[in-house]
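Below is one structure; the comments refer to it alone.
The values are calculated or read from the model by the stated rules, or taken from the named source; none is laboratory data. Just so it is clear, the model here is predicted, and its values are computed rather than measured. Neighbour counts run over all protein chains shown; Cβ positions are idealised from the backbone, glycine included. For the accessible areas, the whole protein counts, side chains as well, though only heavy atoms, and no ligand, DNA or RNA atoms are used. Shrake-Rupley method; radii C 1.70, N 1.55, O 1.52, S 1.80 Å.
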Amino acid sequence: MTKEELKISVTELLPSASFEEGSEWTTVLTGPDGWDSFARQVRSAPQLDFDYLFCVTAVDWKTHITVVYHLTSTVHRHTLVVKVKLDHDHPEVATVSGIWRTAEFHEREAYDLMGVVFTGHPDLRRLFLTDEWKGWPLRKDYEDPVNMIKL
Amino acid sequence: MIEEIGTTEQGELVVNLGPQHPSTHGVLHLVVTLSGETIKKVEPHLGYIHRSIEKMCESLSYRQFIYVTSRMDYLSSHINNHGCALCVEKGMQIEVPPRAKVIRVLMDELTRLASHQLWWGAMAMDVGALTPFFYAFREREAINDIMEETCGARLTMNYMAPGGVAFDLHPDFQRKVKDFLAFFRTKIDEYDELVTDNIIFQRRMEGIGYLSSEDAISYGCTGPTARGSGVSCDIRKSVPYEVYSQVQFEEVLETGGDCFARYNVRMGEMRQSISIIEQLIDNIPGGEFLAKTKAVLKLPKGEFYSKVETARGEFGVYIISEGGTTPYRIKFRSPGFSNLSALDHMARGHKIGDLVAIMGTLDLVIPDIDR
Amino acid sequence: MLSIENITHSIDVWLYGTFNPTAALLLESLIVGLCAITLFAVLGLVLVLMERKVSAYMQIRLGPNRVGPGGALQTVADTLKLAMKEGLTPDGADKFLFNLAPFMVIVVAMLILVPVAFAKGTQIWDINIGVLYISAVSSLSVIGILMAGWASNNKYSLLGAMRSGAQIVSYELSAGLSIISIVTLTGSLRISDIIDSQQDGWWLFKGHIPAMISFVIFIIAVTAETNRAPFDLAEAESELTAGFHTEYSGMKFALFFLAEYVNIFIVCAIAATLFLGGWMPLHIGHWTAFNHAMDYIPSSLWFIGKTFFLIFVIMWFRWTFPRLRIDQLLSLEWKYLLPLSLFNLLLMTLISIKGWHF
């Protein structure tokens, strides 16, 4: 499916979505509400069939946090990028680990390093850092005078 | 992080495999719940070698950050560097000279060979055959020598630079690579005789750690792990970069989905890599090896994603730039991380010995997972 | 001709001539004990060095080559290092059993040495139930291993010990049946009788195909019984780190290590005795001249040559085969080797009743 066709299909599923221009792949901007059902639909709709989630990235924009999902279809070979905009102080979004199993680890990583809470995640714990770690290291306002070396 | 280790109420035994264990190849820590010898649950605990490379890269320039990625998947450091260089080039719209493209592919394939050789030795060691490890290292040593001559390093090469490669090939490069290929062509058959055809080895591999193609996609497995389940996911074929669209090679696919299928995929890939190198080694175009670039690279505001096929699978680099000299946010999508997430699913119901074999066929490199 | 038999005999005569019988017997026991311990030490040193050299040769390496001429003193240095090391006992361990286990294993290894005929007339005790004694005592070593695994309070050790228990008990059967198939030919359990019966040819060749089958089964079974690769599941380095001796260090570890190598020596010696004629030179039927020529090679050399050849074969296994999985290991024994050896025993009995063997 081309970028234009993808946009049309996505708008059908999620009328509130806006699109970001100028990037390599079709990029959808959305809020946390409805992301869960939208994800389920892009996974199951036969003309979209986004069966492979290859990257989950959480980005701290200082005013808000976005979680970027890179989706691709192994059947149709098209790619969709979904950016979910979240509140900076209480970032919360529904998990997609039930739809794409790989999300379980990727979401734990995002929680561990960026503090994004994925509601409904089966096992949301720190992945790399110790359980008693304070703070979310990848956030821009994170300070660690002991372990961080400023260049 | 580590819960009370002991026996559960059902009389199951909870065993810590790692962080120091001969077959986790590094500091992976698996908490394995056993019922007798049978695995009920495998829970990976990561982070023993977490360095927060993504955070580090946020304060490094676009020339510097490439070299940190050699420390992730140290067995395919060339390919990691390559992925980063591609991403920077995509952002800066740098045209890479044809000579550099060929050199990059040659280096990638040599790295893939070296990585698969090490995997082959370690894999055999995991199932209890100690000797193949030394045979694998003999061949890998030859590749390391070739790398050392050209790149000046044997493990963390740091050879790729935005716009090409850091320096030209050593004059002996072509001759040495040809010598090596002639030598390795005979040795790879020996690998098959020694290990692949061994009946005990086959019995240990067949039907173990089954991963269906749906599960492989759902768990985000890539590389030989997914291709062993029949998922066509080779980035070199699906999104060809550099000169991969011009060389003849096959994407090795197996449909078994078990350990033996994954093993065969890697063995097949070694042969394909040899063929790619043979096609290119006599056809290295002349000219520049490094495009002229500005001294200080500033990526335009925007987002850039590039992916390459490492020896373990799809390596993605996601750069978010705010227009400065350093990335605003960088994300590495490492293949081992996703492949590891399927381990629990694959290992359940098998024996401890199988867990080790499955980990062997996943070809885990822990710094790649922990980053 | 100076042979070991003459030496032992003259010592025996001298002792009984000089002292009263009780003192002579005590002194003789002392000498035998000392010899056995010396043999143990020498065997340990030689076999460990041999293993390292053989593995190095197979792995395109050099192996130990720094200590002594060609690395010959490497194992001496290693032993010294192990002797200096602190023998740690883990906190949660059952101290008594933990410390007893290595001695248990080594004592069992020492006991099986008793009926082995090292050369013509050189045997500690030519007991009339020789082979039965060997199979009985060798199964005791599993107790030491189980003890070590249980007392260590370590899950790897426990898993290793459990594997070892299942393995040794299973493979004991095949080994025993292979021994019995030779006993049906000789009609005697005494080691010296078994060797004498091979005067005109070794049982491996005289006993037709059944003897060869039982020889192969015996080698497989004893490899498993001594926990050697490809059956080294009790140690299974890549799975259980070091299996039942994970927690052992220093001399206690060295004893396990030594026992492993002594056990290999003993089982190979027994295989050589049963199938390859022990110290008996290679004799072919009635080729008198050839047989006489062979007799010129001392019997002790024949014994050592055969035993070390078999040891080499077992080492060869270790450095070429991958390890089996525990369920494969047990199904190999119970589904294949045991029925085969039972059938083979039947065949062998038929052959010996009908007198079809040479």
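Out of the strands (runs of 3 or more DSSP E) lying entirely within the range B:288-361, which hold 2 or more residues that are within 13 Å of chain A (Cβ to nearest Cβ) and open to solvent by 10 Å² or more (accessible area, probe 1.4 Å)? Working first, answer last.
Values: elements: B:302-309, B:314-321, B:329-333.
Result: B:302-309.
Residue by residue, here is whether (1) within 14 Å of B:ARG312 (Cα to Cα); (2) of a type in the set (A, V, I, L, M, F, W, C); (3) in contact (Cβ under 8 Å) with a residue 12 or more places away in the chain holds:
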| position | (1), (2), (3) |
| --- | --- |
| B:TYR219 | no, no, yes |
| B:THR222 | yes, no, yes |
| B:GLU242 | no, no, yes |
| B:VAL247 | no, yes, yes |
| B:GLY257 | no, no, yes |
| B:ALA261 | no, yes, yes |
| B:ARG266 | yes, no, yes |
| B:GLU269 | yes, no, yes |
| B:GLN279 | no, no, yes |
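Search the range A:122-151 for residues that are more than 9 Å from chain B (Cβ to nearest Cβ) and pair each with any residue that is in a loop (DSSP other than H, G, I, E, B) when their beta-carbon atoms are under 6 Å apart and the residues are at least 6 apart or on different chains.
Every condition considered, the pairs that remain are A:GLY135/A:TYR142; A:TRP136/A:GLY115.
Please tell me if C:GLN167 is in the same structural domain as C:THR288 (by TED's automatic domain parsing) and within 18 Å of C:LEU282 (Cα to Cα). Quick ask: steps written out before the conclusion?
Numbers: in the same structural domain as C:THR288 (by TED's automatic domain parsing): yes; within 18 Å of C:LEU282 (Cα to Cα): no.
No, not satisfied.
Picking from C:ILE209, C:ILE195, which residue would you name as being at pLDDT below 85 and open to solvent by less than 30 Å² (accessible area, probe 1.4 Å)?
Working: C:ILE209 fails: open to solvent by less than 30 Å² (accessible area, probe 1.4 Å).
Going through C:ILE209, C:ILE195 in turn, just one is at pLDDT below 85 and open to solvent by less than 30 Å² (accessible area, probe 1.4 Å): C:ILE195.
Just give me the residues in the range A:83-107 being open to solvent by 10 Å² or more (accessible area, probe 1.4 Å), within 11 Å of B:SER341 (Cβ to Cβ) and out of contact with any Pro (no Cβ under 8 Å at 6 or more places or on another chain), in sequence order.
Hits for the range A:83-107 are A:ARG101, A:PHE105.
With the condition kept exactly as written, say whether any residue in the range C:284-304 is open to solvent by 10 Å² or more (accessible area, probe 1.4 Å), of a type outside the set (D, E, K, R) and touching a His at 6+ places or on another chain (Cβ under 6 Å).
So the first thing to find is which residues in the range C:284-304 are open to solvent by 10 Å² or more (accessible area, probe 1.4 Å), and the list is C:284-302, C:304.
Keeping just the survivors that are of a type outside the set (D, E, K, R) gives C:284-294, C:296-302, C:304.
Subset that is touching a His at 6+ places or on another chain (Cβ under 6 Å): C:291.
Checked the range C:284-304: at least one residue is open to solvent by 10 Å² or more (accessible area, probe 1.4 Å), of a type outside the set (D, E, K, R) and touching a His at 6+ places or on another chain (Cβ under 6 Å).
Here are some conditions: (1) farther than 30 Å from B:LEU355 by Cβ; (2) part of a helix (DSSP H, G or I); (3) without any contact (Cβ under 8 Å) to a residue 24 or more places away in the chain. C:ILE297 meets all but one. Which one does it not meet?
Failed condition: (2).
Being in contact with an Asp or Glu (Cβ under 7 Å, 6 or more places away or on another chain), under 23 Å from C:PHE303 (Cβ atoms) and hydroxyl-bearing (Ser, Thr, Tyr) is the filter here; which residues of the range C:168-211 pass it? Quick ask: steps written out before the conclusion?
Narrowing the range C:168-211 to residues in contact with an Asp or Glu (Cβ under 7 Å, 6 or more places away or on another chain): C:168, C:170-172, C:174-175, C:186, C:190-192.
Now narrow it down to the ones that are under 23 Å from C:PHE303 (Cβ atoms): C:175, C:186, C:190-192.
Once the filter is applied, which keeps residues that are in contact with an Asp or Glu (Cβ under 7 Å, 6 or more places away or on another chain), under 23 Å from C:PHE303 (Cβ atoms) and hydroxyl-bearing (Ser, Thr, Tyr), the range C:168-211 yields C:THR186, C:SER192.
Kindly provide the set of residues from the range A:98-108 that are within 8 Å of chain B (Cβ to nearest Cβ) and charged (D, E, K, R), ordered by number.
The answer is A:ARG101, A:GLU104.
Would you check which residues across the range B:118-130 are open to solvent by 10 Å² or more (accessible area, probe 1.4 Å) and within 11 Å of chain C (Cβ to nearest Cβ) and list them? Steps first, please.
Here is the first cut: in the range B:118-130, the residues open to solvent by 10 Å² or more (accessible area, probe 1.4 Å) are B:118, B:122, B:125, B:130.
B:ALA122, B:MET125, B:LEU130 - these are the residues of the range B:118-130 that are open to solvent by 10 Å² or more (accessible area, probe 1.4 Å) and within 11 Å of chain C (Cβ to nearest Cβ).
Mind counting the residues in the range C:210-256 that are of a type in the set (Val, Ile, Thr), over 26 Å from B:VAL127 (Cα atoms) and without any contact (Cβ under 8 Å) to a residue 40 or more places away in the chain?
Of the residues in the range C:210-256, the ones of a type in the set (Val, Ile, Thr) are C:213, C:216-217, C:219-220, C:222-223, C:226, C:241, C:246.
Next cut, over 26 Å from B:VAL127 (Cα atoms) only: C:213.
Filter once more, so that each one left must be without any contact (Cβ under 8 Å) to a residue 40 or more places away in the chain: none.
Going through the range C:210-256 one residue at a time, the tally reaches 0.
Scan the range A:62-80 residue by residue and report those that are open to solvent by 10 Å² or more (accessible area, probe 1.4 Å) and either at pLDDT 90 or above or in a strand (DSSP E or B) (or both).
Start the filter on the range A:62-80 by keeping residues that are open to solvent by 10 Å² or more (accessible area, probe 1.4 Å), which leaves A:62-64, A:66, A:72, A:74-77, A:79.
A:HIS64, A:THR66, A:THR72, A:THR79, listed by residue number.
Can you tell me which of C:ILE106, C:ILE143, C:ILE124 is away from chain B (no Cβ under 14 Å) and open to solvent by less than 60 Å² (accessible area, probe 1.4 Å)?
On the way: C:ILE143 fails: open to solvent by less than 60 Å² (accessible area, probe 1.4 Å); C:ILE124 fails: open to solvent by less than 60 Å² (accessible area, probe 1.4 Å).
Answer to the check: C:ILE106.
Given the conditions (1) open to solvent by less than 10 Å² (accessible area, probe 1.4 Å); (2) within 24 Å of C:LEU332 (Cβ to Cβ); (3) of a type in the set (A, V, I, L, M), which single one is not true for C:ILE179?
Single failed check for C:ILE179: (1).
What residue, among those in the range C:32-52 that are away from chain B (no Cβ under 14 Å) and open to solvent by 70 Å² or more (accessible area, probe 1.4 Å), is nearest to C:CYS268 (Cα to Cα)? Please lay out each step first, then the result.
Applying the first criterion (away from chain B (no Cβ under 14 Å)) to the range C:32-52 yields C:32-50.
Checking which are open to solvent by 70 Å² or more (accessible area, probe 1.4 Å) leaves us with C:34-35, C:37-38, C:42.
Working: C:LEU34: 22, C:CYS35: 20, C:ILE37: 19, C:THR38: 19, C:VAL42: 16 Å.
This residue is C:VAL42.
Quick one: is C:ARG325 within 14 Å of another protein chain (Cβ to nearest Cβ), over 20 Å from C:VAL142 (Cα atoms), of a type in the set (Lys, Arg) and buried (at least 20 other Cβ atoms within 10 Å of the Cβ)? Give the steps one after another, and end with the answer.
Working: within 14 Å of another protein chain (Cβ to nearest Cβ): yes; over 20 Å from C:VAL142 (Cα atoms): no; of a type in the set (Lys, Arg): yes; buried (at least 20 other Cβ atoms within 10 Å of the Cβ): yes.
No, not satisfied.
Among A:VAL56, A:VAL28, which is away from chain B (no Cβ under 13 Å), in contact (Cβ under 8 Å) with a residue 24 or more places away in the chain and open to solvent by less than 10 Å² (accessible area, probe 1.4 Å)? Quick ask: steps written out before the conclusion?
Details: A:VAL56 fails: away from chain B (no Cβ under 13 Å).
Sole residue among the options that is away from chain B (no Cβ under 13 Å), in contact (Cβ under 8 Å) with a residue 24 or more places away in the chain and open to solvent by less than 10 Å² (accessible area, probe 1.4 Å): A:VAL28.
When the range C:229-253 is examined, which residues are found to be within 14 Å of another protein chain (Cβ to nearest Cβ) and open to solvent by less than 10 Å² (accessible area, probe 1.4 Å)? Outline the logic, then answer.
Step one: of the range C:229-253, the residues within 14 Å of another protein chain (Cβ to nearest Cβ) are C:229-243, C:246.
Result: C:ALA229, C:PRO230, C:LEU233, C:ALA234, C:ALA236, C:SER238, C:GLU239, C:LEU240, C:GLY243.
So, in the range B:233-248, exactly how many residues are open to solvent by less than 40 Å² (accessible area, probe 1.4 Å) and either under 12 Å from B:LEU280 (Cα atoms) or within 14 Å of chain A (Cβ to nearest Cβ) (or both)?
Of all residues in the range B:233-248, those open to solvent by less than 40 Å² (accessible area, probe 1.4 Å) come to B:233-236, B:241-244, B:247.
When the remaining residues are screened for being either under 12 Å from B:LEU280 (Cα atoms) or within 14 Å of chain A (Cβ to nearest Cβ) (or both), the result is B:233-235, B:241, B:243-244, B:247.
Number of matching residues: 7.
When both residues are 6+ apart or on different chains and their Cβ atoms are under 7 Å apart, which pairs have a first residue that lies in the range C:47-74 and is closer than 19 Å to C:ILE311 by Cβ, and a second that is among the hydroxyl-bearing types (Ser, Thr, Tyr) and assigned to a loop (DSSP other than H, G, I, E, B)?
C:MET58/B:THR131; C:GLN59/B:THR131
C:ILE60 versus (1) within 14 Å of chain B (Cβ to nearest Cβ); (2) of a type outside the set (S, T, N, Q); (3) part of a helix (DSSP H, G or I): which is the lone unmet condition?
(3)
Can you list the helices (runs of 4 or more DSSP H) found entirely within the range B:187-229 that contain at least 1 residues being within 14 Å of chain A (Cβ to nearest Cβ) and open to solvent by less than 10 Å² (accessible area, probe 1.4 Å)?
On the way: elements: B:199-205, B:213-218, B:223-227.
Of the helices (runs of 4 or more DSSP H) lying wholly inside the range B:187-229, those with at least 1 residues that are within 14 Å of chain A (Cβ to nearest Cβ) and open to solvent by less than 10 Å² (accessible area, probe 1.4 Å) span B:213-218, B:223-227.
Hey, does the range B:154-173 have a residue that's closer than 30 Å to A:THR72 by Cβ, free of Cβ contacts under 8 Å to residues at least 24 places away in the same chain and either out of contact with any Asp or Glu (no Cβ under 6 Å at 6 or more places or on another chain) or surrounded by fewer than 18 Cβ atoms within 10 Å (Cβ to Cβ) (or both)? Please lay out each step first, then the result.
Taking the range B:154-173 and keeping what is closer than 30 Å to A:THR72 by Cβ, we get B:157, B:159-165.
Those still in the list that are free of Cβ contacts under 8 Å to residues at least 24 places away in the same chain too: none.
Looking through the range B:154-173, none of the residues is closer than 30 Å to A:THR72 by Cβ, free of Cβ contacts under 8 Å to residues at least 24 places away in the same chain and either out of contact with any Asp or Glu (no Cβ under 6 Å at 6 or more places or on another chain) or surrounded by fewer than 18 Cβ atoms within 10 Å (Cβ to Cβ) (or both).
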